[in-house]
Amino acid sequence: DMVGYEGAPLPKSLTGNPRVTVHRLVEPRMRHSAKQGKIAFGFLATIDAVRAAFKLGRALLRIPKPDLLLVQNPPSIPTLQVSWIAARLRGARLVIDWHNLGYTILALRLGRRHVAVRLARWMEMVGGRMADAHLCVSRGFARFLADRFGLKDSPVRPVRVLYDRPAAAFTPIERIEREQIRQALFVRLGIRHTGTVGFIVCPTSWTADEDFDLVIDAVRELEDRIRGWEAGRASRRFPELVILVTGEGQRRTEFERRFGGLPARRVQLRTRWLEPEDYPQIVGSADMGLCLHRSSSGVDIPMKVVDLFGAGVPVFALDYGASLAERLRHGVNGRLFSNARQLSDLLFDAFETFPAESAELDRLRKGARRSAHPTWEEGWSNEARPVLLPG
């Protein structure tokens, strides 16, 4: 039984599986109507939490009696508390799958010193301590849980690292097929081009911890640099670039409005929700992946990076610290940048001689392919299975 908020369509491999039952909950969203005021946001968020607790509790008490309750965190409140109550009432083990920290996401809105953030941190820590076992997405996360939340690995309550890894659908695509896929996509997106096109895909969730201002500033700087470079010699022409920002979310409309006003000549930006069945192929057709994730916690690793690696696509990623470096190695399977100027420089260098001379991208692509191993199935068997099914 899968319980979660409704929203993006699920893959047919789940919805068409007779052994999987999906229970969709409507997410309470009153807090999003609070535009600026922190007091109003806190009040409405409390109402949302109460409503979410009721809906989740009812769902967990109605499903067939489980042996294991696996909870992805965040969302943290009231998910951890309600899941613990349901697990104890139904005699199930409770395992938390830590992907990020809920209180650090709340801090993006209210600030780290806000009383609500401090309360959320305490509730998340206590909720974590009540679980029977833990999985987390990086070694840095495991250290955080041990040092800050007191969740240390032990035979009784294990805390293990389970890296996100690409699903089997994400596989490398050879050059000719990549070109066919992207040309069909360009027609769908209404992209007109006159020559060579470099294709960059930027998977997002449109959340508060993704820095869209950075890519807009980088495109503006890149256009200026291209203009000066081409003016230096009449025969020079920089290839056209298409950056596709995928996903769906509240911030998408504002982003579209802002980049719609850019004086783009060589760089075209597009946004599009991609169906789960189309997404792996379109990711695999890209020359490069772009990750704008600015981690709220500093210890998570965005799933979008490993999906790109699975498709053999190198990633240019916003650098937020050591946890990201566990998977993305600068100059091996991608590049790291810290600001818009660095990103514009990296894009210029990568595509200056594209496609006639693309040794740099080809080398990074090989590194990305190597980073796709071990596979998700191997990670599941070696790391997750002993925690979820002990003995």
Run the accessible area of the stretch 320-391 with a 1.4 Å probe and give the carbon-and-sulfur part as a rounded percent.
52 percent
R0 of 41 Å, Cβ-Cβ distance Arg258-Leu119: FRET efficiency to nearest 0.05:
0.75
For Phe54 and Leu389, compute 0.36 nm times the residue count separating them, minus their Cα-Cα distance, and round to one decimal in nm.
117.7 nm
May I ask you to evaluate 6.51 cos²θ - 1.76 cosθ + 1.60, the Karplus curve with θ = phi - 60°, for each residue of the stretch 63-74 and list the ³J(HN,Hα) values in order in whole Hz, giving x for glycine and proline?
5, x, 4, x, 8, 9, 10, 9, 10, 7, 10, x
Work out the FRET efficiency for Glu6 and Gln183 from their Cβ-Cβ distance, taking R0 = 35 Å, and round it to the nearest 0.05.
0.55
Looking at the stretch 286-391, which GluC sites (Glu not before Pro) are DSSP coil and have at most 12 other C-beta atoms within 10 Å of their C-beta?
Glu357
In whole Hz, what ³J(HN,Hα) sequence does the stretch 320-332 give by Karplus (6.51, -1.76, 1.60; θ = phi - 60°), x for Gly and Pro?
10, x, 5, 5, 4, 5, 5, 10, 9, 10, 4, x, 10
Two-site label geometry, Arg265 and Glu378: point separation in nm, points 7 Å out along Cα→Cβ:
4.8 nm
Long-range share for the stretch 54-146, i.e. C-alpha pairs more than 22 Å apart as a percent of all pairs, stands at 29 percent
Estimated FRET transfer efficiency (Leu25, Arg233; beta-carbon r; R0 51 Å; 0.05):
0.30
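What are the membrane-span-like helices in the chain by this rule: whole DSSP H runs, Cα extent along the axis at least 15 Å, mean Kyte-Doolittle hydropathy at least -0.5?
Long hydrophobic helices here: 38-62, 79-90, 115-129, 175-189, 212-231, 340-351.
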Could you work out the relative contact order of the chain? I mean the mean sequence separation of Cα pairs under 8 Å and 6+ apart, divided by the number of residues, in percent.
16 percent
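Seen from all sides and averaged, what is the projected area of the convex hull of the Cα atoms in the stretch 249-391, in nm²? Write down the numbers at each step before the final one.
Numbers: hull surface 43.5 nm².
With every direction weighted equally, the projected area is 10.9 nm².
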Using amide H atoms built 1.01 Å from N in the peptide plane, name the residues 5+ places from Gly334, or on other chains, whose amide H lies under 5 Å from its own.
Val315, Arg329
Note the full-extension length gain between Ile63 and Asp278 as 0.36 nm times their separation in residues minus their Cα-Cα distance, in nm to one decimal.
74.2 nm
So, for the stretch 1-147, what is the accessible surface per residue at a probe of 1.4 Å, expressed in square angstrom?
55 Å²
Just want to confirm a number: the relative contact order over the stretch 180-270, from Cα pairs under 8 angstrom separated by 6+ residues, in percent.
40 percent
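Translational D (Stokes-Einstein, µm²/s) of the stretch 155-264 at 10 °C and 1.306 mPa s when Rh comes from the Kirkwood sum over C-alpha pairs? Kindly include the intermediate steps, with their values, before the conclusion.
Values: Rh = 17.4 Å.
Estimated diffusion coefficient is 91 µm²/s.
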Kindly list the residues of the stretch 201-242 that lie in the label zone of Glu352, defined by a backbone N under 12 Å from the point 7 Å along the Cα-to-C-beta vector.
226, 229-230
Would you calculate the volume per residue, in Å³, of the smallest convex hull containing every Cα atom of the chain?
147 Å³
The stretch 119-177: C-alpha pair distances exceeding 15 Å, %
58 percent
Could you tell me, in Å, what Rg and Dmax come out for the Cα atoms of the stretch 207-268?
13.8, 44
Radius ratio Rg over Rh of the stretch 1-94, counting only Cα atoms, Kirkwood formula for Rh
1.03
Which ³J(HN,Hα) values, rounded to whole Hz and listed in residue order, are derived for the stretch 10-27 from phi using the Karplus coefficients 6.51, -1.76 and 1.60 in 6.51 cos²θ - 1.76 cosθ + 1.60 with θ = phi - 60°, glycine and proline given as x?
8, x, 5, 5, 9, 5, x, 8, x, 8, 10, 10, 9, 10, 9, 10, 7, 6
Please give, to one decimal in nm, the separation of the simple spin-label points placed at Arg88 and Leu14, each 7 Å out from Cα toward the Cβ.
2.9 nm
Please check which bits of the stretch 125-147 a label hung off Ala325 would reach, taking the label as a point 7 Å along Cα-to-C-beta and the cut-off as backbone N under 15 Å.
139-141
Trypsin sites (Lys or Arg not before Pro), loop per DSSP, at most 10 other Cβ atoms within 10 Å - longest free stretch of the chain:
234-391
The stretch 152-198 accessible area per residue, 1.4 Å probe, protein heavy atoms, integer Å², reads 61 Å²
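The values are calculated or read from the model by the stated rules, or taken from the named source; none is laboratory data. Values in this document were obtained by computation on a predicted structure and should not be read as measured data. Here Cβ is always computed from backbone atoms with ideal geometry, including for glycine, and neighbour counts include all displayed protein chains. The protein model used for the area step is the full one, side chains on, heavy atoms only, and it has no ligands, DNA or RNA in it. Shrake-Rupley method; radii C 1.70, N 1.55, O 1.52, S 1.80 Å.
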